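What follows is a single structure, written as structure tokens, with notes after it.
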Amino acid sequence: MEENNTQEQNQTIVEESRRFNTKKILSLAIGIVIIAVVLILAVIFILTQFRSKTPKEMTLVYWGIWEDANSFNEIAQEFTRQNPNIKIKYEKQDIKALGKYVDRLAARMENNTGPDIFRYHNSWVPQLLPLLLPIPSDIVAATELESRFYPVVEDDLKIKGAYWGIPIHFDTLALFVNNQIFSAAGAANFPTTWDDLTSVARQLTVKDGEGKIITAGVALGTFDNIAHSSDIISLLLLQNGANIKDLNGPARQSAFDTLSFYTSFATGDSRVWDGTLENSKLAFANGRVALYFGYSWDIPEIKALNPNLEFSVLAVPHLPGRDMTIASYWVEGISAKTKHAPEAFKFLEFLASRKTLEKRYAQHSKIRLFGELYPREDMTDLLSSNTLIYPFVAQGKDAKSTIFSSDTHDEAMVDSLNSYLGNAIRSIMNDNTSVQTAIETLANGVSQVLGRYEGITN
């Protein structure tokens with residue numbers, strides 16, 4: 001009996017031992033599986049984190065206007081070296097091409113084939129604002145832009161509390177003086193006021209026996225044969241206190257006085273310019289006009305036409321207490337349809353940096369007379385040694401923009417406005433239309449054009 005009990009006990013012990021070992025093995029197996037799962041999840045997590053931190057490769061399409069791709073490639077490559085995941089595809093646009101740049105831009109953006117970054121003129125802001133993204137303050141703070149760039153940049157590009165682009169070059173309207181004509185006539189001083197200019201222009205004008213102008217004192221008074229005529233008229237209007245967006249408003253007397261003064265240079269026996277003369281830029285290059293209003297980009301053209309011409313560049317004349325000129329510059333903006341906004345803004349910040357601007361200027365100076373003038377007021381002094389171009393940036397602090405801007409080729413808002421302005425001057429000069437009537441017609445035209453964009457920039 002005892003023997004049987006012993007056997008049963010032994011069998012029980014064996015079974016319990018087997019059960020224990022089975023549980024132990026099972027527990028171990030479960031532990032191994034759990035560890036394996038944890039390890040797999042850890043690996044997946046690590047790989048996911050790694051992938052999320054690896055920048056995605058992309059290409060930003062950049063529409064330029066004036067630069068060839070070859071002259072831009074070095075800048076683009078430098079940006080890519082600093083940001084290996086971002087490539088820049090530069091596409092030069094023909095601004096004069098059939099299809100109109102502004103319309104082409106809008107159409108391409110509508111079907112999502114447009115650029116990520118594109119260039120536009122400062123006078124185009126009202127018509128292009130719906131196509132742009134505002135610059136985030138964490139990219140470039142508004143205070144930073146306002147401390148670096150000329151005040152007119154804030155006037156033009158800060159809308160609804162945000163900036164809608166950054167310029168990478170700058171230009172202003174200045175006065176070109178033929179030194180040889182001044183010297184030959186014994187004129188002692190270059191004009192600094194409009195009274196000075198009026199007096200010296202009459203002194204320097206040479207006519208033949210029949211009253212035909214042989215040498216013009218200044219290119220003023222007409223519209224079609226004067227380069228930048230719309231900018232010059234804008235300069236006079238703004239200096240005289242007129243409201244160019246409401247010429248028939250409370251300040252209409254200023255507009256009346258301005259157009260009367262402007263057209264007086266090409267009327268009567270005392271005229272110093274008229275519609276029979278060649279285009280003012282060509283006339284100046286050929287030594288047939290003493291005073292010419294132009295921008296820095298006119299200099300290479302004039303030098304090409306007449307390398308021997310001796311001329312100086314001065315600040316534009318002013319009314320007492322009204323130091324003011326016209327700003328004309330191009331801006332880089334970010335498309336509202338871009339899929340790579342952070343990267344595009346990063347590239348824009350790179351373009352507008354002091355280092356990049358200096359590098360671009362140096363590069364361009366190797367292939368032409370000088371590079372694009374700096375848009376930053378804190379870089380003005382870098383051009384002080386070049387007496388031919390320094391006046392353009394030296395008066396930058398006093399520059400204002402105009403809705404009547406020349407040579408933008410927008411074939412839209414600005415060209416329409418210039419058409420009305422040109423018609424006003426022609427009607428005064430050729431049709432004996434009163435200045436007041438011409439202004440009323442012009443004001444109505446301006447109101448109609450700007451009305452298409454009412455509310456966009458407010």
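Structural remarks
- For the range 119-197, size of Cβ-based charge dipole, Lys and Arg +1, Asp and Glu -1, in debye: 240
- Each residue of the range 130-146 is assigned a 3J(HN,Hα), and the resulting list reads x, 9, 10, 9, x, 6, x, 5, 7, 8, 9, 5, 4, 5, 5, 5, 5 Hz, derived from the Karplus form 6.51 cos²θ - 1.76 cosθ + 1.60 (θ = phi - 60°), x at Gly and Pro.
- The chain: angle of helix 194-204 to the longest principal axis, Cα-based, in degrees nearest 10: 50
- Computed about the Cα centre, the dipole magnitude for the range 263-340 is approximately 340 debye when only Lys and Arg (+1) and Asp and Glu (-1) carry charge, each at its Cβ.
- Computed over the alpha-carbon pairs of the range 52-150, the distance histogram in 10 Å steps reads 12, 35, 40, 12, 0 percent, short to long.
- Look at the dipole of the chain built from charges on Cβ: of Gly451, Ile75, Asn386, the Cα furthest out on the positive end belongs to Ile75.
- 5 angstrom amide H check on Leu132, placed H, neighbours 5+ away: Ala336
- Amide H contacts of Thr193 (H built 1.01 Å from N, in plane; Pro and chain starts excluded): His318 sit under 5 Å, all sequence-distant by 5 or more or on other chains.
- Dividing the alpha-carbon radius of gyration of the range 325-373 by the rule-of-thumb value 2.2 N^0.38 Å gives 1.42.
- Near the amide H of Phe293, within less than 5 Å, lie the amide hydrogens of Phe176, Ala219, all on another chain or at least 5 residues away, with H placed in the peptide plane.
- A simple spin-label model places the labels of Ser147 and Glu411 4.4 nm from each other, with each point 7 Å out along Cα-to-Cβ.
- In the range 74-139, trypsin sites (Lys or Arg not before Pro) in a DSSP loop with at most 14 other beta-carbon atoms within 10 Å: Lys96
- Nearest 10 degrees, 0 to 90: helix 354-365 Cα axis against the chain principal axis: 50
- Whole-Hz couplings from phi, Karplus 6.51/-1.76/1.60, listed for the range 294-303; x for Gly and Pro: x, 10, 4, 5, 6, 4, x, 5, 5, 4
- Where GluC sites (Glu not before Pro) fall in DSSP loop in the range 75-173, at most 16 other Cβ within 10 Å: none
- Percent antiparallel among DSSP beta bridges (both partners in the chain, rounded to 5): 60
- Centre-to-centre separation between the Cα atoms of the range 71-142 and those of the range 258-298: 37 Å.
- Between the listed residues Gln239, Gly217, Ala315, the Cα displaced farthest toward the positive end of the dipole of the chain, a dipole computed from Cβ unit charges relative to the Cα centre, is found at Ala315.
- The spread of Cα positions in the chain, taken along each principal axis and listed from longest to shortest, comes to 158, 45, 41 Å.
- Positive-end ranking of Pro134, Val152, Thr258 along the dipole of the chain, with charges on Cβ about the Cα centre, is headed by Pro134.
- Sparse-neighbour loop sites [trypsin sites (Lys or Arg not before Pro); the range 295-391; at most 12 other C-beta within 10 Å; DSSP]: Lys339, Lys366
- The angle separating the long axis of helix 69-82 from the principal Cα axis of greatest extent in the chain is about 30 degrees.
- Cα pair count fraction exceeding 23 Å, expressed as % - the range 146-231: 47
- Net charge, Val152 excluded, C-beta distance under 12 Å - Lys, Arg +1, Asp, Glu -1: -4
- Placing +1 on each Lys and Arg Cβ and -1 on each Asp and Glu Cβ, with no other charges, gives the chain a dipole about its Cα centre of roughly 760 debye.
- Two-decimal Rg/Rh across the range 203-262, once Rg and the Kirkwood Rh are taken from alpha-carbon atoms: 1.11
- Every Cα-Cα pair of the range 268-386 was included, and the share exceeding 25 Å stands at 46 percent.
Bear in mind these aren't lab numbers, they're just calculated from the coordinates by the rules spelled out. All of these numbers come straight from a predicted model, not from anything done at the bench. Counting neighbours? That spans all protein chains shown, and the Cβs are built from the backbone with ideal geometry, glycine included.
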